[in-house]
Amino acid sequence: GAVVSQHPSWVICKSGTSVKIECRSLDFQATTMFWYRQFPKQSLMLMATSNEGSKATYEQGVEKDKFLINHASLTLSTLTVTSAHPEDSSFYICSARESGAYNSPLHFGNGTRLTVT
Amino acid sequence: SQKIEQNSEALNIQEGKTATLTCNYTNYSPAYLQWYRQDPGRGPVFLLLIRENEKEKRKERLKVTFDTTLKQSLFHITASQPADSATYLCALVGSGNTGKLIFGQGTTLQVKP
């Protein structure tokens with residue numbers, strides 16, 4: 001089955017530094033990937049849609065200059081949290097569709113737990 | 001605005017019983033609804049998809065119903081097992097055919113032996 005790999009699984013960084021999270025589709029190509037954020041006991045909140053070869057589409061309220069998304073190939077999207085602050089501490093999860101159909105299921109990575117001290 | 005609601009209170013049941021989880025939505029007319037399972041510290045895993053013209057969908061011990069009049073989906077796990085303990089999320093494709101999936105807050109199920 002389709003596998004999405006996310007790295008690192010957890011990271012601790014100091015306030016003001018930047019952190020890069022990688023999301024790879026291992027056995028399929030993904031022209032579109034989705035980045036979510038999840039706070040404890042809350043739902044997944046869509047942050048942005050990552051499009052291969054073009055700019056990402058950000059959801060309302062998400063700062064594009066703070067959460068930089070790059071989708072340089074059909075199997076890799078990266079999310080960089082720039083100038084991280086403690087309030088950015090969260091669980092970040094990427095996902096992708098194996099099929100291009102917009103209603104088809106999403107395959108998720110196992111998430112990255114970011115802690116900003 | 002579009003809203004998806006799941007019971008935020010944990011559901012505790014005894015092993016062997018049927019668990020029933022509810023997903024309600026408003027300001028929405030989705031053509032599809034999906035259910036996912038999420039274990040602590042992990043990404044969600046897809047379980048079932050049901051279309052608006054399907055009243056019911058089954059997969060092994062799982063059953064999903066979709067009532068577009070009530071704007072509600074029910075998710076059932078029959079003969080529940082402790083291994084079924086997890087958080088279950090319902091999700092709808094956002095409007096505009098962009099493929100964005102919008103999730104409910106999830107219901108945590110605890111099956112006790």
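Between A:Ala101 and B:Ala10, the simple label model (points 7 Å from Cα in the Cβ direction) yields a spacing of 3.7 nm. Cross-link reach is defined here as a Cα-Cα straight distance under 22 Å, omitting same-chain residues fewer than 8 places apart; for A:Lys14 the lysines meeting it are A:Lys64, A:Lys66. Between A:Asn110 and B:Ala31, the distance separating the two model label sites (each 7 Å from Cα on the Cα→Cβ line) works out to 3.6 nm. Values of log10 I(q)/I(0) for the stretch B:1-88 across q = 0.12, 0.22, 0.24 Å⁻¹ run -0.36, -1.18, -1.34, by the Debye formula with one identical scatterer at each alpha carbon and no solvent. Residue-wise HN-Hα couplings along the stretch A:39-47, as the Karplus relation 6.51 cos²θ - 1.76 cosθ + 1.60 with θ = phi - 60° gives them from phi, are 8, x, 6, 10, 7, 6, 10, 5, 9 Hz; Gly and Pro carry x.
Per the Cα gyration tensor, the stretch A:1-112 maps to an equivalent ellipsoid with semi-axes of 22, 14, 13 Å, ordered largest to smallest. Relative to the Cα centre, the charge distribution of the protein assembly as shown, modelled as +1 at Lys and Arg Cβ and -1 at Asp and Glu Cβ, gives a dipole magnitude of about 160 debye. Above 14 Å lies some portion of the pair distances; for the stretch A:1-54, what is it as a whole percent of all C-alpha pairs? Summing the P(r) of the stretch A:1-54 above 14 Å gives 67 percent of all pairs. By the Cβ distance rule of under 4.7 Å, the protein assembly as shown has these cysteines without a partner: A:Cys13.
Here the dipole of chain A is about 180 debye; that uses its Cα centre as origin and unit charges on the Cβ of Lys and Arg (positive) and Asp and Glu (negative).
For the protein assembly as shown, what proportion of DSSP beta bridges, expressed in % and rounded to the nearest 5, is antiparallel?
Working: 73 of 81 bridges.
Roughly 90 percent of the DSSP beta bridges within the protein assembly as shown come out antiparallel.
Computed over the alpha-carbon pairs of the protein assembly as shown, the distance histogram in 10 Å steps reads 8, 32, 35, 20, 5, 0 percent, short to long. Once the dipole of the protein assembly as shown is set up with Lys and Arg at +1 and Asp and Glu at -1 on Cβ about the Cα centre, which of B:Gln34, A:Leu68, A:Phe39 lies farthest towards its positive end? Result: B:Gln34. Note on B:Glu54 and A:Ser5: the model spin-label points, each 7 Å out from Cα along the C-beta direction, lie 3.2 nm apart. Here chain B is scanned for trypsin sites (Lys or Arg not before Pro) in DSSP loops (not H, G, I, E, B) that have at most 13 other Cβ atoms within 10 Å, and the longest stretch holding none of them is B:56-113.
For Cα pairs less than 8 Å apart in space and 6+ apart in sequence, what is the mean separation divided by the residue count of chain B, i.e. the relative contact order in percent?
Numbers: 276 pairs, mean separation 40.0, N = 113.
Normalised by residue count, the contact order of chain B is 35 percent.
Taking trypsin sites (Lys or Arg not before Pro) across the stretch A:1-60, the ones in a DSSP loop with at most 14 further Cβ atoms lying within 10 angstrom of their Cβ are A:Lys14, A:Lys41, A:Lys55.
Using alpha carbons only, what's the Rg to Rh ratio of the stretch A:49-117 with Rh from Kirkwood? Intermediate results must be reported in sequence, preceding the final value.
On the way: Rg = 13.1 Å, Rh = 13.4 Å.
Value, to two decimals: 0.98.
Using C-alpha pairs below 8 Å separated by at least 6 residues, the relative contact order for chain A is 36 percent.
Would you give the gap between the C-alpha center of the stretch A:80-117 and the C-alpha center of the stretch B:52-83, rounded to a whole Å? With the stretch A:80-117 and the stretch B:52-83 each reduced to a Cα centre, they are spaced 27 Å.
Each value in this text was obtained by applying a stated rule to the coordinates, not by laboratory testing. Quantities reported herein were computed from a predicted structural model and do not represent experimental measurements. Note that each Cβ is placed from the backbone with ideal geometry, even for glycine, and that neighbours are counted across all protein chains shown.
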